[in-house]
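Chemist: Next up is a structure, given as structure tokens.
The values are calculated or read from the model by the stated rules, or taken from the named source; none is laboratory data. Note that the structure is a prediction, hence the values are computed from the model and not measured. Glycine also receives a Cβ, built like all others from the backbone with ideal geometry; neighbour counts cover every protein chain displayed.
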Amino acid sequence: MINKEDVFPVGKINKPHGINGEMSFTFTTDVFDTENAEFFIFEMDGILVPFYIDSYRFKTDTTALLKLQDVDSEEQAREFNGQTVYLPMSFREKVEEDELTMEYFVGFGIMDEKGNELGRITAIDDSTENVLFVLNSDSEELLIPANDDFIEEIDHNKKTIKMNIPEGLLDL
């Protein structure tokens, strides 16, 4: 079974393209191309499922048309609308740091400067100019600015972010 901590997001399915199961796919890294990935992983009914790649072709620097094996119609392709596209973490080390999107950090724990865990990132709020980490902490939702000035250390293996959060920010 594939667990959420074993994968990282590389893009999102936009919509079907044509009638033969092809889909428009926006990606944040082309590591799937440079490292010859054989499959992508999608969350289907709460379970992470690999789908073998039949073919893809680039449209722009951030968009491709994707065809998965056994997805042969527009109706089947439509089931993937809005789905996040994942790759195994083994591909993560091949991705340049500046290629990561904020969605990559969902699931990371936020630690304060003393090493206390404040909560886990459940979502990214990028609806405003100031991007926020949305944390679930003791059944309470916390919003913490995803500001480089506050981030002291990122441990990709432990999936933690150590932050120096200004006094009083958590009380807002």
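Chemist: From the list G107, G119, pick out the single residue that is of a type in the set (G, A, S), in the same structural domain as E140 (by TED's automatic domain parsing) and in a strand (DSSP E or B). So that I can check it myself, show each step before the final result.
Modeler: On the way: G107 fails: in a strand (DSSP E or B).
Just a single option satisfies the conditions, and that option is G119.
Chemist: Can you find a residue in region 55-70 that is surrounded by 16 or more Cβ atoms within 10 Å (Cβ to Cβ), of a type in the set (V, I, T) and either not in a helix (DSSP H, G or I) or not assigned by TED's automatic domain parsing to the domain that holds N157 (or both)?
Modeler: No; the residues of region 55-70 include none that is surrounded by 16 or more Cβ atoms within 10 Å (Cβ to Cβ), of a type in the set (V, I, T) and either not in a helix (DSSP H, G or I) or not assigned by TED's automatic domain parsing to the domain that holds N157 (or both).
Chemist: Something else now. Which pairs have Cβ atoms under 7 Å, sit 6 or more apart or on different chains, and link a residue in region 149-160 that is within 22 Å of K4 (Cβ to Cβ) and assigned by TED's automatic domain parsing to the domain that holds I110 to one that is of a type in the set (F, W, Y) and modelled with pLDDT of 85 or more?
Modeler: K159/F108; T160/F108
Chemist: Oh, and also: Restricting attention to region 1-30, which residues are under 19 Å from E103 (Cα atoms), of a type in the set (V, I, T) and not in a strand (DSSP E or B)?
Modeler: Keep residues of region 1-30 that are under 19 Å from E103 (Cα atoms), which gives 2-14, 25-30.
From the residues that got through so far, the ones that are of a type in the set (V, I, T) too are 2, 7, 10, 13, 26, 28-29.
Across region 1-30, the qualifying residues are T28, T29.
Chemist: Can you find a residue that is without any contact (Cβ under 8 Å) to a residue 40 or more places away in the chain, under 24 Å from L48 (Cβ atoms) and not aliphatic (A, V, I, L, M) anywhere in region 94-104?
Modeler: no
Chemist: For region 32-55, which positions are at pLDDT 95 or above and within 12 Å of G11 (Cβ to Cβ)?
Modeler: The answer is F40, I41, F42.
Chemist: Another question, then. Which of the strands (runs of 3 or more DSSP E) contained wholly in region 123-172 include at least 2 residues that are charged (D, E, K, R) and surrounded by 11 or more Cβ atoms within 10 Å (Cβ to Cβ)? First the steps, then the outcome.
Modeler: Values: elements: 132-137, 140-145, 151-155, 160-163.
Correct list: 151-155.
Chemist: For K12, state whether it is within 27 Å of F133 (Cβ to Cβ) and either in contact with a helix residue (DSSP H, G or I) (Cβ under 6 Å, 6 or more places away or on another chain) or surrounded by 13 or more Cβ atoms within 10 Å (Cβ to Cβ) (or both). Show your work before the answer.
Modeler: Values: within 27 Å of F133 (Cβ to Cβ): yes; either in contact with a helix residue (DSSP H, G or I) (Cβ under 6 Å, 6 or more places away or on another chain) or surrounded by 13 or more Cβ atoms within 10 Å (Cβ to Cβ) (or both): yes.
When the stated conditions are applied, K12 passes them.
Chemist: Separate question: What number of residues within region 102-122 satisfy the criterion of being surrounded by fewer than 17 Cβ atoms within 10 Å (Cβ to Cβ) and modelled with pLDDT under 85?
Modeler: 1
Chemist: Scan region 78-95 and tell me whether some residue there is assigned to a loop (DSSP other than H, G, I, E, B), modelled with pLDDT of 90 or more, within 16 Å of the chain's Cα centre (by Cα) and surrounded by 14 or more Cβ atoms within 10 Å (Cβ to Cβ). Can you show your working first?
Modeler: Taking region 78-95 as the starting set, the residues that turn out to be assigned to a loop (DSSP other than H, G, I, E, B) are 79-83, 95.
Subsequent filtering for residues that are modelled with pLDDT of 90 or more retains 79-83.
Filter once more, so that each one left must be within 16 Å of the chain's Cα centre (by Cα): 80-83.
Retained after the next criterion (residues that are surrounded by 14 or more Cβ atoms within 10 Å (Cβ to Cβ)): 80, 83.
Yes: one or more hits.
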